[in-house]
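Just so you know, all these numbers are worked out from the coordinates, no wet-lab data involved. A quick note: this is a predicted structure, and the numbers were derived from the prediction, not measured. All Cβ positions, glycine included, derive from the backbone under ideal geometry; neighbour counts span all protein chains shown.
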Amino acid sequence: MIADAPLVLGIETSCDETGIGIVRGRRLLSNRIASSMDEHARYGGVVPEVAARAHLEALVPTIEAAVAEAGVELDDLDAVAVTIGPGLAGALMVGVGAAKALAVALGKPLYAVNHLVGHVGADLLTPDADDIEYPTVALLVSGGHTSLLLVRDLVDDVALLGETIDDAAGEAFDKVARVLGLPYPGGPEIDRAALGGDPAAIRFPRGLTLPKDLERHRYDFSFSGLKTAVARWVEKREADGVPVPVADVAASFREAVVDVLVSKAIAACHDTGVPRLLLGGGVVANARLRTVAAERAAAAGIALRIPPLDLCTDNGAMIAVLAAERLRAGHPGSALDAAADSTLPVTAIQVP
Amino acid sequence: MILAIDSSIGTSVALADRDGRLLAAADEADHLSHAEVVGVLIRRVLDEAGVTAADITAVASGMGPGPFTGLRIGIAAARTFAVARGAELVPVLSHDAVAAERLLSGASGDLVVVTDARRREVAWTRYSGLTPSGAPERVDGPHLAERATFVVVGADRIDAVGVPAAALARLAALSLHGERATDPDEPVYLRAPDVTLSARKRVTQ
Ligand SMILES: [Zn+2]
């Protein structure tokens, strides 16, 4: 029974969401998230110490809510899963400390797994979906990361194709929102501001797409130059005493981000001969990203998969299901002294 | 049985019976490895005492003061362990455990417990001996003070380099028997979180 559908609780505290999820194999039983986003709003970005404090406060109530929603007993769990990295170190450690105590208290194995690979695993929890086919390219975009992966096997073979060399895409949304005087988080605000705007009004730079950059950074991203370009453009208008067309700026900025994300993902599919693309991460909530990805994937004959949005944002269920897959495949639990690693590479799907 | 966990300086874990008598203790002095060692130390005291996790009916949690990142790990572990076992959580000010250990081993009179608070500051709490039930009588603190200028007058100064989880368990036992007030279930940070406020730009809409 365990081998087929292990009951796993997953703890996710790598950024500003305290996520507790419970799965039975690939069946989602509960997915509870407490976010400290509102507490970061006045700072315009995630403040690590604020996030870590909020994790500690939210942890037990969120565990209790998840267990109640799943209708299980903690003693019934087959394993405890936790995000061991990458992420904010102080935030990660709250979840790691809790997960270890939970594992020892229940006498169950600890699965310390990779946050980014968890985003890919979220797809397994999509209700009534066909099994994910491998290999697949995965584009993971959030406020904390922007990565392009080649997933040959979720359980034991994931490679990094590229990632951002400066800001994450979600961070760029936050920073440009601030330039435009819009509140945090920037993603939904930019979306709202872009309504009725012309995405082709201003040609903002597409980072790392020039031929010379592509040689070294074919699948890498850069958004800090774009953010600066938007800020300069706005400052110039202000200096000239001309009103800033906020809708056009927002739409054009968003188009630059989406264009470079989707172009590089599609290029990766072509280059690797993999006609499958999976999206994950909180920025997937951006409708324009989903639309452009769907259009271009269809045109290129690439099958696009997008998990439900509440499984795209950071959550504990994706961590639980990744651990369940590892357990099912016969991998033992992690050592009880496993160390949180804020820069854990994607090749480390689970730490030993 | 009582499991006690403190990570306000290093990481210390102890196991005691319901009356606070020590059964096993395990410590890690390193003040950067709390998240690595906390699970190992809990398992070690259980194994050493030959008891199972299910025997734990109360968890004493050292609430600080202490540097934030480390402090949180022990509290997270204590709270989670308590929930997992349906055990009672007993928050205890970590300085109380230091004072209790000193006073119960024969010291008398006023004393001040001092711990490193980083950034050239110390955290301190003042005590005036033991209550009749054997808990340290806290008269002032915890507070922060500048390390260079902080002086203790009219009391013994204890610069603690560790928090004895055994004493934490003993104080928790007093609380469980109604002989000591329980501390609030809140981490004692003594500082607001560090943030860098970013200036907002004005734009014509
Ligand atoms: Zn994420």
> Using the beta-carbon distance between A:Ala129 and B:Arg21 and R0 = 51 Å, what value does 1/(1 + (r/R0)^6) give for FRET efficiency, to the nearest 0.05?
Replying inline: 0.35
> Using helices alone, what [θ] at 222 nm do you get for chain B, with -39,500 (n - 2.57) per DSSP H run of 4 or more residues, divided over all residues and rounded to the nearest 500?
Replying inline: -9000 deg cm²/dmol
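Return the ratio Rg/(2.2 N^0.38 Å) for chain B, where Rg is computed over Cα atoms only.
Scaled against compact globular proteins, the figure is 1.09.
Where does the charge balance sit around B:Ala58 when Lys and Arg score +1, Asp and Glu -1, over other residues with C-beta under 9 Å from its C-beta?
Local net charge: 0.
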>> Can you show me the helix-derived [θ] at 222 nm for chain A, built from DSSP H runs with n ≥ 4 at -39,500 (n - 2.57) apiece and divided by the number of residues, rounded to the nearest 500.
In response: -13500 deg cm²/dmol
>> For the protein assembly as shown, what is the number of Lys pairs with C-alpha distance below 20 angstrom, counting only pairs 8 or more positions apart or on separate chains?
In response: 9
> Nearest 10 degrees, 0 to 90: what angle lies between the long axis of helix A:89-106 and the longest principal axis of chain A (Cα atoms)?
Replying inline: 20 degrees
>> Placing +1 on the Cβ of each Lys and Arg and -1 on the Cβ of each Asp and Glu in the protein assembly as shown, which of B:Ala76, B:Ala53, A:Tyr184 has its Cα farthest towards the positive end of the resulting dipole?
In response: A:Tyr184
> For region B:58-138, rounded, prolate or oblate, judged on the Cα gyration tensor with a ≥ b ≥ c (square roots of eigenvalues), a/c < 1.5 rounded, else prolate if a/b > b/c?
Replying inline: oblate
> With point charges of +1 on the Cβ of Lys and Arg and -1 on the Cβ of Asp and Glu, referenced to the Cα centre of chain B, which listed residue (B:Ala24, B:Val114, B:Tyr189) lies farthest in the positive direction of the dipole?
Replying inline: B:Tyr189
>> Please give the charge dipole size of region A:209-352, origin at the Cα centre, charges +1 on K and R Cβ atoms and -1 on D and E Cβ atoms. Round to the nearest 20 debye.
In response: 300 debye
>> Can you tell me the convex hull volume per residue for region B:100-205, based on C-alpha atoms, in Å³ to the nearest whole number?
In response: 158 Å³
>> Using just the Cα positions, wrap region A:96-205 in a convex hull and report its mean projected area in square nanometres, one decimal place.
In response: 11.1 nm²
> D for the protein assembly as shown, whole µm²/s, Stokes-Einstein with Kirkwood Rh over alpha-carbon pairs at 20 °C and 1.002 mPa s: what number?
Replying inline: 86 µm²/s
>> From the phi angles alone, apply the Karplus equation (6.51, -1.76, 1.60; θ = phi - 60°) to region B:26-40 and give each ³J(HN,Hα) in whole Hz, x where the residue is Gly or Pro.
In response: 8, 10, 10, 6, 3, 9, 10, 10, 3, 5, 6, 8, 4, x, 4
> Counting Lys and Arg as +1 and Asp and Glu as -1, what is the net charge of the other residues whose Cβ lies under 11 Å from the Cβ of A:Leu150?
Replying inline: -1
>> Only four residue types carry charge here, +1 at the Cβ of Lys and Arg and -1 at the Cβ of Asp and Glu. Report the dipole size of the protein assembly as shown about the Cα centre in Debye, rounded to the nearest 20.
In response: 1280 debye
>> Quick check on chain A: of the DSSP beta bridges with both residues there, what percent are antiparallel, nearest 5%?
In response: 60 percent
> Assigning unit charges at the beta carbon (Lys, Arg +1; Asp, Glu -1) and nothing else, what dipole magnitude in debye, to the nearest 20, does region B:2-176 show about its Cα centre?
Replying inline: 300 debye
>> If packing is taken as the average number of other Cβ atoms within 10 Å across a peptide's residues, how do B:186-194, B:101-109 rank, most packed first?
In response: B:186-194, B:101-109
>> Quick check: the distance between the Cα centres of region A:141-159 and region A:226-271, to the nearest angstrom?
In response: 26 Å
